[in-house]
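The values are calculated or read from the model by the stated rules, or taken from the named source; none is laboratory data. Note that the coordinates shown come from a computational prediction; the quantities given were computed from them, not determined experimentally. Glycine gets a Cβ as well: all are built from the backbone with ideal geometry, and neighbour counts include every protein chain shown. These accessible areas exclude ligands, DNA and RNA; they are computed on the full protein's heavy atoms, side chains included. Shrake-Rupley method; radii C 1.70, N 1.55, O 1.52, S 1.80 Å.
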Amino acid sequence: MTVRAAALFIATVALHGQPLLLPTPQFVEPLSYSVALPARVVPAHSSPKIDLAIGALRAVGSVSSDSATTITLWDYAANTQPGVALNFLDRQVLTDPVRGNQAYVIKTPDARSVWIIGGSDQGVFYGAATLAQWMESKSAIPGIYVRDYPDFEFRAASDWLLHAEINRWA
């Protein structure tokens, strides 16, 4: 994450009182509007990981089947033409041969829609987990543009070291 992106993210947290996203995304751009919740989840594809992503979003309690706001879950590996514009960097991250499977982009193009575009169904799941942190017990979330990918190929390795080993040594 660049210094500028980190400063914007910290400012967003300070202004909107939103929780800190963990792990911290590589790029975060706050937008000037809010997205109303609850939202209807619309998966563009079906897979076990996308089903888990839907479950993660439902678990925070801001999902309703009859809402005008939509959260679209899109697997970029299955179809490279989502219904929202992606820039060159977004497409590059989503198709990266090393990190692309876990990469995702979250875009709120307007106040009634959220798009989670993953480099694979695994990326969709990680994007949904990030969005779920923003949605927890809220009636609206700030508009946001997030691009994230892992620094390491295996995300669980760092979690294991931080939680299991360090706690054992304490």
>> Scan the stretch 91-100 and tell me whether some residue there is touching a Ser or Thr at 6+ places or on another chain (Cβ under 9 Å) and at pLDDT below 90.
In response: yes
> Restricting the first residue to the stretch 57-74 and requiring it to be without any contact (Cβ under 8 Å) to a residue 60 or more places away in the chain and buried (at least 19 other Cβ atoms within 10 Å of the Cβ), which pairs with a second residue that is assigned to a strand (DSSP E or B) and basic (Lys, Arg) meet a Cβ separation below 7 Å and a spacing of at least six or different chains?
Replying inline: Thr69/Arg40
> Does Asp90 satisfy the criteria of being crowded, with 21+ Cβ neighbours inside 10 Å, in contact with an Asp or Glu (Cβ under 6 Å, 6 or more places away or on another chain) and in contact (Cβ under 8 Å) with a residue 12 or more places away in the chain?
Replying inline: no
>> Based on this model, can you work out whether Asp121 counts as in contact with an Asp or Glu (Cβ under 8 Å, 6 or more places away or on another chain), open to solvent by 30 Å² or more (accessible area, probe 1.4 Å) and within 21 Å of Ala39 (Cβ to Cβ)?
In response: yes
